[in-house]
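The values are calculated or read from the model by the stated rules, or taken from the named source; none is laboratory data. Everything quoted here is computed from the prediction, not taken from an experiment. Here the Cβ positions follow ideal geometry from the backbone for every residue, glycine too, while neighbour counts run over all protein chains shown. Side chains are part of the model used for accessible areas, which takes the heavy atoms of the whole protein and leaves out ligands, DNA and RNA. Shrake-Rupley method; radii C 1.70, N 1.55, O 1.52, S 1.80 Å.
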Amino acid sequence: MEVILLADVKNVGKKGETVKVSDGYGNNFLVKRGLAVISTKGSQAQLQVDNAKELERQKVLKAEAEELAKRLEHINVEFTGKVGSDGRMFGSISPKEIVSGLKEQWGIEVDKRKFIDKYPANALGYTRLQIELYKGVCGQVIGTVNVHISEEKK
């Protein structure tokens, strides 16, 4: 029996693939739980339509991510930090704080888990951190956010 998978199924295949499975497994498990549909001419045509829609959606997401990456190049996220007598900063600015700073200062929302550079910004001056804005079928888009940390005035 041939089925079209509607979701990723471990040891069977990925979403959108047409795979051959035994009749019992196909009918009693995959189709019954909504993980697959039986492969017919109509379902194959619907699969092609869905794939085309998904490809268009991915292109739109990539274009939005590229636009955001261009916008991030010219943005500085400002923070202040306490500095000791030797000129070193106490503490650090975490990616979570950078995300909230981006949202408050510029209205840009990104996911804190998408930071490629996992280390916190812990030095005065400018720090450049990379963010993975898009990763998919159409490629990968990486943006760079500039973090400026200045000395807190007493």
Skipping prolines and chain starts, which residues have an amide H placed within reach, meaning under 5 Å, of the one on residue 12, given they are 5 or more residues away or on another chain? none
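Out of the trypsin sites (Lys or Arg not before Pro) in the range 1-104, which ones are loop residues according to DSSP with at most 15 other C-beta atoms within 10 Å? Don't skip to the end; give the middle numbers.
Working: sites: 10, 14, 15, 20, 32, 33, 41, 53, 57, 59, 62, 70, 71, 82, 88, 96, 103; in loops: 10, 14, 15, 32, 33, 82, 88.
Sites meeting the loop and neighbour criteria: 10, 14, 15, 32, 33, 82, 88.
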Identify all lysines with a Cα-Cα distance to residue 153 below 21 Å; exclude those on the same chain that are fewer than 8 residues away in sequence. 82
Cα-based Rg/(2.2 N^0.38 Å) for the range 50-140, rounded to two decimals, is 1.35
Over the chain, with the other protein chains present, what is the accessible area per residue in square angstrom, probe 1.4 angstrom? 67 Å²
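Output the relative contact order of the chain, whole-number percent, from Cα pairs under 8 angstrom with separation of 6+ residues.
Working: 234 pairs, mean separation 32.4, N = 154.
Dividing the mean separation by the residue count of the chain yields 21 percent.
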Listed residue (127, 75, 42) projecting farthest to the positive dipole end of the range 34-154, Cβ model: 42
Find, among the chymotrypsin sites (Phe, Trp or Tyr not before Pro) in the range 1-93, those assigned to loop by DSSP (not H, G, I, E, B) with at most 15 other beta-carbon atoms within 10 angstrom. 90
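State whether the chain is rounded, prolate or oblate according to the following rule on the C-alpha gyration tensor (a ≥ b ≥ c being the square roots of its eigenvalues): a/c under 1.5 gives rounded; otherwise a/b larger than b/c gives prolate, and the remaining case gives oblate.
Numbers: a/c = 4.79, a/b = 2.85, b/c = 1.68.
Here the chain falls in the prolate category.
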Among 91, 136, 24, which one shows the highest mean-square fluctuation when the chain is modelled as a Gaussian network with alpha-carbon springs under 10 Å? 24
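Over the chain, with every protein chain in place, what whole percent of the accessible area is carbon and sulfur at 1.4 Å, could you tell me?
Of the solvent-accessible surface of the chain, carbon and sulfur hold 50 percent.
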If the reach is capped at under 19 angstrom between alpha carbons, list the lysines near residue 14, excluding any in the same chain fewer than eight residues apart. 32, 53, 135
Degrees separating the helix 41-73 axis from the principal Cα axis of the chain, which is the longest one: 10 degrees
Assigned charges on the beta-carbon of Lys, Arg, Asp, Glu; the chain dipole about Cα centre (debye): 320 debye
By how many degrees, between 0 and 90 and to the nearest 10, does the Cα long axis of helix 95-106 differ from the longest principal axis of the chain? 80 degrees
Per DSSP helix of 4 or more residues, -39500 (n - 2.57); summed, then divided by the residues of the chain. What does that give at 222 nm, rounded to the nearest 500? -10000 deg cm²/dmol
Can you give the charge dipole size of the range 19-105 about its Cα centre, rounded to the nearest 20 debye, using +1 on the beta carbon of Lys and Arg and -1 on the beta carbon of Asp and Glu? 400 debye
